[in-house]
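A quick write-up on the structure given underneath.
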Amino acid sequence: MSIRQAWDLGVPVGVLLPFPGSLRDRQVHVLERRVFERTAGGVSCSLQGLCDKRNRVGGLTCFLQALGDEKEQKVVSEGGETMEGLDSEGNTLSTREVMWETYTGDEKSREEWYTKGVDYWSAVEASVDGVLGGYGSISGRDIMDSSKFLTDCLKTLKPDWPESSMVALDCGAGVGRVTKNFLMHYFNEVDLVEPVQQLIEVAQRDLQLDFDSLGTKMRKVNFFNCPLQEYVPPPERYDIIWIQWCIGHLTDVDLIQFFNRAKLGLKPGGFIILKENIAKSGFVLDKVDFSVTRSDPYFRDLFQQGGVYVYQHRKQTAFPRELFEVHMYCLTTEFKKCKSKSKSKSKSKKGKRGNRPGIIK
């Protein structure tokens with residue numbers, strides 16, 4: 001979609017673009033505020049003039065999502081989707097294959113993709129507020145919903161979990177926020193994997209605790225300064241693999257390969273939980289931190305290719321409306337039926353919010 005087409009849609013181009021997820025909790029990117037003039041008609045466009053109109057689709061921070069809403073996903077004859085996407089400058093990307101070929105088509109460009117992502121996060125303040133892009137206040141609600149989701153999954157997939165000794169893997173662990181505030185209450189041992197050295201150093205410092213005095217299950221933590229695309233889980237080590245706000249940095253190929261390695265790293269009956277930002281359609285490429293926000297259909301296609309099955313799926317609640325929706329997926333290595341919630345309850349929520357991303361990171 002061109003800038004002219006964006007204008008015709010009434011979209012304020014370049015204003016607080018919503019960016020996709022990154023190695024961990026999100027960072028806000030604020031691009032230059034611009035005012036575009038439609039010289040042919042002699043009409044000028046001010047940010048305030050478009051504010052009310054764009055607020056109906058999520059506010060001025062919804063530029064890329066608004067563009068996505070105007071597009072219909074194309075379905076190819078084989079039944080799969082040909083997903084159109086956008087980059088963080090508003091340019092259309094015809095397919096995800098074109099995107100990956102453009103940015104990671106050879107080994108050199110693939111290495112640059114990952115290096116630039118790590119470089120970006122190396123410059124971020126090594127704190128909860130830093131890795132959450134100034135949205136440190138959402139951490140409590142994030143932990144609350146994550147805890148409930150994990151508990152519900154454990155009750156059906158590992159009913160003896162309160163008495164058992166369990167080990168978890170925290171992927172893209174950052175400063176250890178998820179482990180410290182959440183996983184340590186469920187697991188006896190947690191491995192943290194994080195590619196940014198300064199972040200994992202903070203996690204290591206904060207998690208060198210007197211476990212006996214905490215009253216939690218956790219008794220040991222291990223730290224690995226390693227990119228997720230290179231991490232090889234030990235065979236049958238983990239009960240749970242927790243992946244949150246980091247998978248957007250992996251290419252499709254590396255994501256599928258990681259799922260294949262992760263499956264081997266799970267104990268019998270173990271499962272994966274993926275919690276991530278979700279684009280309403282197609283995908284959004286962030287050319288600043290080198291990550292991609294995928295849609296739900298995009299993820300489900302990758303799950304299928306990676307040989308994992310969606311056992312439960314739930315949306316994060318009570319996040320600021322200007323952010324992307326965040327979804328939680330419980331993934332198993334074998335197909336298992338899960339009782340879904342009542343239709344009446346799901347219907348009552350349908351259409352209440354939709355995916356209205358903004359300054360998500």
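The values are calculated or read from the model by the stated rules, or taken from the named source; none is laboratory data. Predicted model, so just to flag it, every value in this text is computed and none were measured. Positions of Cβ are backbone-derived with ideal geometry, glycine not excepted, and every protein chain shown enters the neighbour counts. Just the protein is used for accessible areas: all its heavy atoms, side chains included, with ligands, DNA and RNA removed. Shrake-Rupley method; radii C 1.70, N 1.55, O 1.52, S 1.80 Å.
Averaging Cα coordinates gives a centre for the stretch 290-310 and one for the stretch 232-287; these two points are 9 Å apart. Using the Cβ-Cβ distance between residue 137 and residue 201 with R0 set to 30 Å, the FRET efficiency from 1/(1 + (r/R0)^6) comes to roughly 0.75. Dipole magnitude for the stretch 226-275: computed about the Cα centre from +1 point charges on Lys and Arg Cβ and -1 point charges on Asp and Glu Cβ, it is near 160 debye.
Of the accessible area of the stretch 109-184, with the probe set at 1.4 angstrom, what percent is carbon plus sulfur? Before the final figure, lay out the partial values.
Numbers: 1570 of 2970 Å².
Carbon and sulfur atoms account for 53 percent of the accessible area of the stretch 109-184.
Pairwise Cα distances in the stretch 149-278 exceed 21 Å for 37 percent of all pairs.
Each Lys and Arg adds +1 at its Cβ and each Asp and Glu adds -1 at its Cβ; summed about the Cα centre, the stretch 169-315 shows a dipole of about 420 debye. Only Cα sites of the stretch 187-261 enter the Debye sum here, all with the same form factor; the resulting log10 I(q)/I(0) across q = 0.15 1/Å is -0.60, listed in q order. Overall, the ratio between the Cα radius of gyration of the stretch 78-226 and 2.2 N^0.38 Å, rounded to two decimals, is 1.30. Rounded to the nearest 20, the Cβ-based charge dipole of the stretch 80-144 about its Cα centre (Lys and Arg +1, Asp and Glu -1) stands at 220 debye. Residues in the stretch 113-124 carry Karplus couplings, in order, of 4, 6, 5, 5, x, 5, 4, 4, 6, 5, 8, 8 Hz; the curve used is 6.51 cos²θ - 1.76 cosθ + 1.60 with θ = phi - 60°, and Gly or Pro positions show x. With contacts taken as Cα pairs under 8 Å and at least 6 residues apart, the stretch 116-231 reaches a relative contact order of 25 percent.
Give, as a single signed number, the net charge of other residues whose beta carbon lies under 12 Å from the beta carbon of residue 109, with Lys and Arg counted +1 and Asp and Glu -1.
On the way: positive: 108, 110, 116; negative: 101, 106, 107, 111, 112.
Summing Lys/Arg as +1 and Asp/Glu as -1 gives -2.
A dipole drawn for the stretch 141-252 from +1 and -1 charges on Cβ atoms has a positive end, and of 233, 192, 216 the residue lying farthest that way is 216.
Pairs with C-alpha atoms separated by more than 20 Å, drawn from the list 148/220; 263/287; 180/217; 148/275; 155/217, are 148/220; 263/287.
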